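Report on the following structure.
The values are calculated or read from the model by the stated rules, or taken from the named source; none is laboratory data. What you see is a predicted model; the values in this text were computed from it and never measured. Note: ideal-geometry Cβ built from the backbone for every residue, glycine included; neighbour counts use all protein chains shown.
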Amino acid sequence: MRVYVATKNPGKLRELSALLAGSIWEPMTYEAYRDVVEGDESYAANAVLKAEALRAQLLADGVAAAVLGDDSGIEVTALGGRPGVRSARYAGPGATWADRRALLRDELAATGSADRSARFVCALHFIDAAGRSTSVEADVAGTISPEDRGDAGFSYDAAFWYPPLQKTFAELTEEEKNRVSHRARAVAALIATV
């Protein structure tokens, strides 16, 4: 079954495609999808916003299909949970992922705290072709590494140290990351629920 994903992020689509391989769902993007202005309330609210916007765009174009909205971010304990839902907007317009990771480390250092604990969070909102909705959320705990490590993944992966495997997410193979990540846990929860 085709599932249109409300994203223009190729890394996110690649991960979702790998995570849904072998399921009945075939994730794809909709070329005409227009990004929405995300809120600051919650990952769940942003995932709903994205899914509903994509569904409305599809219906306006005469396409009745399932959609999936995804919102995720990183929360650093010593920063009071920031950047959180603003993870992709952290460091301002035009910032690169390297800029965002550098700012995160600078702000963490400025706290003077030795606590480097963090978590990745992923919220998914699924709307089937008939309009029925399901939401799930999952997370994974780790710490912020002192420097970027690894070349795989995207976003904050090079800064997110995963203690059980003693590597950052960017040092993990795709298969390793897709067994333990916040998105993997959210997808598993969604598949079990729908």
Among the candidates Glu38, Glu26, residue that is surrounded by 17 or more Cβ atoms within 10 Å (Cβ to Cβ), at pLDDT 90 or above, more than 12 Å from the chain's Cα centre (by Cα) and of a type in the set (Asp, Glu): Glu38
With respect to Gly142, determine if the residue is buried (at least 20 other Cβ atoms within 10 Å of the Cβ), outside any strand (DSSP E or B) and of a type outside the set (S, T, N, Q). no
Out of Ala98, Ala123, Ala159, Ala130, I need the residue that is within 21 Å of Val3 (Cβ to Cβ) and touching a residue at least 40 places away in the same chain (Cβ under 8 Å). Which one? Ala123
For residues that are without any contact (Cβ under 8 Å) to a residue 24 or more places away in the chain and part of a helix (DSSP H, G or I), tally how many sit in the range 23-44. 0
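Yes/no per residue for (1) over 13 Å from the mean Cα position of the chain (by Cα); (2) hydroxyl-bearing (Ser, Thr, Tyr); (3) on the phi < 0 side of the Ramachandran plot:
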position: Val3; (1), (2), (3): yes, no, yes
position: Gly22; (1), (2), (3): yes, no, no
position: Tyr30; (1), (2), (3): yes, yes, yes
position: Arg34; (1), (2), (3): yes, no, yes
position: Ala64; (1), (2), (3): yes, no, yes
position: Ser72; (1), (2), (3): no, yes, yes
position: Tyr90; (1), (2), (3): yes, yes, yes
position: Asp106; (1), (2), (3): yes, no, yes
position: Arg116; (1), (2), (3): yes, no, yes
For the subset of the range 135-172 comprising residues that are at pLDDT 95 or above and among the polar types (S, T, N, Q), which member is farthest from Arg116 (Cα to Cα)? Ser135
Which one of these is surrounded by 15 or more Cβ atoms within 10 Å (Cβ to Cβ) and over 19 Å from Arg86 (Cα atoms): Phe160, Phe154, Phe126? Phe126
